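Working notes for the structure below.
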Amino acid sequence: MQVDRSDQSADLYIANHIKPYDVVITQDYGLAALALGKRCYVLSFRGREYNDRDIDFMLDSRHTAAKARKRGHYGKGPKPFTEQDREFFQHKLTKLLKDLQENV
């Protein structure tokens, strides 16, 4: 699917088309929050499972970091993606899909 070039177009498209129990892979906390609100399963590219308990803290952290960037304070950015990250993601995604398959 091709969407507009405007900021957040892809995220809005995804948010408008997901259904309960879909699996969403994202590193965007806003999209993760929307997906959780629609009862989706959400993982990051590094295998972190987003959940209702943690998402408010994550969104608050994102907001705090955005305010710091506006004041000129920039962090180091994310750590490089490693083979260990890839393996962990693969493990978590495989486990999630197996669990979902068993509950169908």
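The values are calculated or read from the model by the stated rules, or taken from the named source; none is laboratory data. Because the structure is a prediction, the values reported are computed rather than measured. Cβ atoms come from the backbone with ideal geometry, glycine included; neighbour counts cover every protein chain shown. Surface accessibility is based on the protein's heavy atoms, side chains included, excluding ligands, DNA and RNA. Shrake-Rupley method; radii C 1.70, N 1.55, O 1.52, S 1.80 Å.
P(r) tail, the chain: Cα-Cα pairs separated by more than 15 Å, 69% of all pairs.
For segment 74-104, state which chymotrypsin sites (Phe, Trp or Tyr not before Pro) are in a DSSP loop and have at most 13 other beta carbons lying within 10 Å of their beta carbon.
On the way: sites: 74, 81, 88, 89; in loops: 74, 81.
Of the chymotrypsin sites (Phe, Trp or Tyr not before Pro), the ones in loops of segment 74-104 whose Cβ has at most 13 other Cβ atoms within 10 Å are 74, 81.
Averaging sequence separations of C-alpha pairs under 8 Å and six or more residues apart, then dividing by the length of the chain, give the relative contact order as a whole percent. Once normalised by length, the contact order is 20 percent.
Count the net charge of all other residues whose Cβ sits under 14 Å from the Cβ of residue 93, scoring Lys and Arg as +1 and Asp and Glu as -1. In short, +1. Sorting 38, 67 by accessible area puts them as 67, 38; the probe is 1.4 Å, largest comes first, and only protein heavy atoms count. Could you tell me which of 66, 31, 93 has its Cα farthest along the dipole of the chain towards the positive end, charges placed at Cβ (Lys, Arg +1; Asp, Glu -1), taken about the Cα centre? The listed residue farthest towards the positive side: 66.
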